[in-house]
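Right, one structure below, let's go through it.
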């Protein structure tokens, strides 16, 4: 009898190996067949995969600043820009990260300082929503970040609640973060 360490599948007795091999191959073929049935291939593409529309994702304000530089410069002076740095030793606390980063806990949002450093702090997309579609199609109204269609007061209150900012008054604080620069419309660009 051969030693156990040299035998393939050492936990399977020798007399059962042929049956074990047949069962293994049958399960593998069944898995492949069920995939082909649920996702029929036509000309090398799967219709089910082709119909999936990509969800918007966070791109970071370094991409936003390419077109919105005046707003970016304004944001750099705002306390929200340094929200992550203010965490100090709490930079790995998930409860803190949801308010001191952009997109934490969301698809393609902040993961960690090492993996997604470009999403540290409370950036454009924290209020305006993921900007990937807007970056790719800046004049398509359907591609604007979702933030243009939501209640900003509700966005603020998610972090500035009674526990962390008891004195928070939306009307008073909004004036501190409102964009003071009016958007420029380029010649030939459709009006927004």
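The values are calculated or read from the model by the stated rules, or taken from the named source; none is laboratory data. All of these numbers come straight from a predicted model, not from anything done at the bench. In this analysis, Cβ positions are derived from the backbone assuming ideal geometry, glycine residues included, and neighbour counts consider all displayed protein chains.
For a quick check of your reading: which helices (runs of 4 or more DSSP H) sit entirely within the range 22-106 and have at least 3 residues that are modelled with pLDDT under 80?
Values: elements: 47-50, 61-64, 69-76, 94-100.
Where helices (runs of 4 or more DSSP H) fall fully within the range 22-106 and carry at least 3 residues being modelled with pLDDT under 80, they are 47-50.
Which pairs do you get when a residue that is at positive phi and surrounded by 10 or more Cβ atoms within 10 Å (Cβ to Cβ), found in the range 171-182, comes within reach of a residue that is in a loop (DSSP other than H, G, I, E, B) and modelled with pLDDT of 80 or more, reach meaning Cβ atoms under 6 angstrom, with the pair 6+ apart or on two chains?
Pairs that qualify, where the first residue is at positive phi and surrounded by 10 or more Cβ atoms within 10 Å (Cβ to Cβ) and the partner is in a loop (DSSP other than H, G, I, E, B) and modelled with pLDDT of 80 or more: there are none.
Go through the range 107-134 and give me each residue that's over 29 Å from residue 90 (Cβ atoms) and either in contact with a strand residue (DSSP E or B) (Cβ under 7 Å, 6 or more places away or on another chain) or modelled with pLDDT of 90 or more (or both).
none
Taking into account only those residues within the range 136-152 that are modelled with pLDDT under 75 and surrounded by 14 or more Cβ atoms within 10 Å (Cβ to Cβ), which is nearest to residue 60 (Cα to Cα)?
Let us first name the residues in the range 136-152 that are modelled with pLDDT under 75, namely 144-150.
Right, trim to surrounded by 14 or more Cβ atoms within 10 Å (Cβ to Cβ) and you get 144-147.
Working: 144: 15, 145: 13, 146: 15, 147: 15 Å.
Restricting to residues being modelled with pLDDT under 75 and surrounded by 14 or more Cβ atoms within 10 Å (Cβ to Cβ), the top hit is 145.
Looking at (1) at pLDDT 90 or above; (2) part of a helix (DSSP H, G or I); (3) touching a helix residue (DSSP H, G or I) at 6+ places or on another chain (Cβ under 7 Å), which one does residue 155 not meet, given that it meets all the others?
(1)
Just to be sure I understand the filter: pairs with C-beta atoms under 7 Å, separated by 6 or more residues or on different chains, first member in the range 57-72 and on the phi < 0 side of the Ramachandran plot and surrounded by fewer than 19 Cβ atoms within 10 Å (Cβ to Cβ), second member at pLDDT 90 or above and not in a helix (DSSP H, G or I). Which pairs pass?
72/65
Would you mind telling me which numbered condition in (1) surrounded by 17 or more Cβ atoms within 10 Å (Cβ to Cβ); (2) on the phi > 0 side of the Ramachandran plot residue 108 fails?
(1)
Take residue 95 and decide whether it is surrounded by fewer than 19 Cβ atoms within 10 Å (Cβ to Cβ), under 24 Å from residue 160 (Cβ atoms) and either free of Cβ contacts under 8 Å to residues at least 12 places away in the same chain or in contact with a strand residue (DSSP E or B) (Cβ under 9 Å, 6 or more places away or on another chain) (or both).
Numbers: surrounded by fewer than 19 Cβ atoms within 10 Å (Cβ to Cβ): yes; under 24 Å from residue 160 (Cβ atoms): yes; either free of Cβ contacts under 8 Å to residues at least 12 places away in the same chain or in contact with a strand residue (DSSP E or B) (Cβ under 9 Å, 6 or more places away or on another chain) (or both): yes.
Considered against the rule, which asks whether it is surrounded by fewer than 19 Cβ atoms within 10 Å (Cβ to Cβ), under 24 Å from residue 160 (Cβ atoms) and either free of Cβ contacts under 8 Å to residues at least 12 places away in the same chain or in contact with a strand residue (DSSP E or B) (Cβ under 9 Å, 6 or more places away or on another chain) (or both), residue 95 comes out as yes.
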